[in-house]
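The values are calculated or read from the model by the stated rules, or taken from the named source; none is laboratory data. This one's a predicted model, so the numbers in the text were calculated from it and none came from an experiment. Ideal geometry is used to build each Cβ from the backbone, glycine not excepted, and the neighbour counts take in all protein chains shown. For accessibility, only protein heavy atoms count, side chains too; no ligands or nucleic acids. Shrake-Rupley method; radii C 1.70, N 1.55, O 1.52, S 1.80 Å.
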Amino acid sequence: MKIVDVRLDTVCGYTSTLPEYDKPEIAFAGRSNVGKSSLINVLMKRKRLARVGETPGKTRTINFYFVSAETPDLGQIASGRTDAGPADGPGVVQAQDRCPSETESQALRISEGGAGLAPKKKLRWKKDPAKQGRGKAGSVSRQDLTKKIAVPRKPALPMAKREFYLVDLPGYGFAAVAESEKQKWGHMIENYLNSSKALRQVFLLVDIRHEPNANDIQMYDWIRESGFSPVIIATKADKISKSAVQRQAAVIRKGLGAPEDTAVIPFSALTGAGAPEIYRVIEKCL
Ligand SMILES: Nc1nc2c(ncn2[C@@H]2O[C@H](COP(=O)(O)OP(=O)(O)OP(=O)(O)O)[C@@H](O)[C@H]2O)c(=O)[nH]1
Ligand SMILES: [Mg+2]
């Protein structure tokens with residue numbers, strides 16, 4: 001996904017009237033301090049678009065971010081109007097492979113000369129150019145090596161311009177907030193989930209280090225009751241060892257009472273791990 005433009009469009013408190021957009025909305029729910037605003041900044045490739053807090057309870061309103069982006073045109077690929085591949089087959093996979101971070105890191109590796117280079121000890125250049133190509137059987141000339149690292153180009157994928165809204169919901173479960181205010185926030189979130197006509201997908205963020213608590217389970221149930229199948233994001237994945245990541249993802253899925261096939265995406269705002277998977281989910285609902 002290439003972000004062309006993004007801006008904070010509307011901020012709603014509990015007395016505000018919710019906007020009625022005609023563009024898709026994608027919402028992020030989760031406990032206070034779980035990393036919703038940080039995630040939005042990573043996805044939008046902005047450092048300070050959404051305000052991130054050292055202390056919980058930073059986002060106390062529903063914030064709608066307008067996004068203009070270019071995404072792989074899955075519709076065109078699926079309808080077979082491109083040579084990128086057949087519907088639901090390799091074409092779709094290729095489209096997914098073109099998520100920015102993957103493409104960018106691939107480009108970086110190639111520009112650094114890292115892609116496909118043979119181990120250093122095999123590179124014994126002969127100083128006399130006349131001798132090049134006449135070496136012992138099995139030796140590698142510079143030209144041969146260049147041929148070997150040539151990376152075949154993928155056909156350019158059709159891109160489509162999309163406009164949508166990312167919705168940063170206020171964090172729940174913040175202990176320092178009065179009970180009456182917590183209830184107002186709860187009503188505000190529930191009202192939004194039930195009334196938005198443009199809402200296409202809800203991500204539920206849970207800290208990867210902890211089992212979901214009663215508030216997380218309630219939020220998960222609200223989302224389901226509003227007719228959505230939430231995609232779970234296990235945040236702060238950089239805080240645990242790699243070997244523990246899948247185990248914790250299973251703990252979160254089970255703790256929420258989610259079906260076995262529910263996607264749990266481990267994510268880190270520090271490393272960007274998980275962002276390509278989240279882009280894919282978003283692209284599919286645009
Ligand atoms: N190590 C690490 N820290 C993170 C990550 N994501 C967020 N944080 C930190 O967690 C704290 C809270 O992040 P926010 O993005 O403000 O969380 P939030 O869910 O928007 O919080 P509220 O607005 O209070 O609901 C900040 O100090 C972030 O720097 C992550 O992936 N890894
Ligand atoms: Mg926030």
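Of all residues in the range 215-244, those that are under 20 Å from residue 182 (Cα atoms) and touching a residue at least 60 places away in the same chain (Cβ under 8 Å) total 4.
When residue 205 is tested against (1) open to solvent by 60 Å² or more (accessible area, probe 1.4 Å); (2) within 22 Å of the chain's Cα centre (by Cα), exactly one condition is not met: (1).
Can you name the residue in the range 208-239 that is of a type in the set (Val, Ile, Thr) and either away from ligand 1 (no atom under 15 Å from the Cβ) or farther than 15 Å from residue 265 by Cβ (or both) and is also surrounded by the fewest Cβ atoms within 10 Å (Cβ to Cβ) among such residues? First the steps, then the outcome.
Quick first cut of the range 208-239, residues of a type in the set (Val, Ile, Thr) only: 208, 217, 223, 231-233, 235.
So of that shortlist, the ones also either away from ligand 1 (no atom under 15 Å from the Cβ) or farther than 15 Å from residue 265 by Cβ (or both) come out as 217, 223, 231.
On the way: 217: 14, 223: 20, 231: 20.
Going through the qualifying residues, I end up with 217.
Selection of first residues in the range 155-175 that are over 18 Å from residue 31 (Cβ atoms) and of second residues that are within 16 Å of ligand 2 (Cβ to nearest atom) and open to solvent by 40 Å² or more (accessible area, probe 1.4 Å), restricted to Cβ pairs under 8 Å at least 6 apart or on distinct chains, gives an empty result. If I filter the range 184-191 for residues that are open to solvent by 50 Å² or more (accessible area, probe 1.4 Å), in contact with a helix residue (DSSP H, G or I) (Cβ under 6 Å, 6 or more places away or on another chain) and under 26 Å from residue 17 (Cα atoms), do I get at least one hit? Yes: one or more hits.
Rundown of residues vs (1) part of a helix (DSSP H, G or I); (2) closer than 18 Å to residue 187 by Cα; (3) under 22 Å from the mean Cα position of the chain (by Cα), yes/no style:
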| residue | (1), (2), (3) |
| --- | --- |
| 210 | no, no, yes |
| 215 | yes, yes, no |
| 223 | yes, yes, yes |
| 233 | no, no, yes |
| 249 | yes, no, yes |
| 259 | no, no, yes |
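Of the residues examined, residue 203 is one that is in contact with a strand residue (DSSP E or B) (Cβ under 8 Å, 6 or more places away or on another chain), in a strand (DSSP E or B) and of a type in the set (Phe, Trp, Tyr). All but one of (1) among the charged types (D, E, K, R); (2) open to solvent by 60 Å² or more (accessible area, probe 1.4 Å); (3) within 11 Å of ligand 2 (Cβ to nearest atom); (4) in contact (Cβ under 8 Å) with a residue 24 or more places away in the chain hold for residue 31; which doesn't? That leaves (2) as the condition not met. With respect to the conditions (1) buried (at least 19 other Cβ atoms within 10 Å of the Cβ); (2) away from ligand 1 (no atom under 15 Å from the Cβ), residue 15 falls short on a single one, namely (1). Hey, does the range 47-65 have a residue that's at pLDDT below 95, within 16 Å of ligand 1 (Cβ to nearest atom), part of a helix (DSSP H, G or I) and not basic (Lys, Arg)? No, the range 47-65 contains no residue that is at pLDDT below 95, within 16 Å of ligand 1 (Cβ to nearest atom), part of a helix (DSSP H, G or I) and not basic (Lys, Arg). So in the range 240-286, with the set limited to residues that are open to solvent by 40 Å² or more (accessible area, probe 1.4 Å) and acidic (Asp, Glu), which one is nearest to ligand 1 (Cβ to nearest atom)? Across the range 240-286, the extreme among qualifying residues is 277. Within the set 242, 236, 184, the sole residue that is in contact with an Asp or Glu (Cβ under 6 Å, 6 or more places away or on another chain) and more than 24 Å from residue 285 (Cα to Cα) turns out to be 236.
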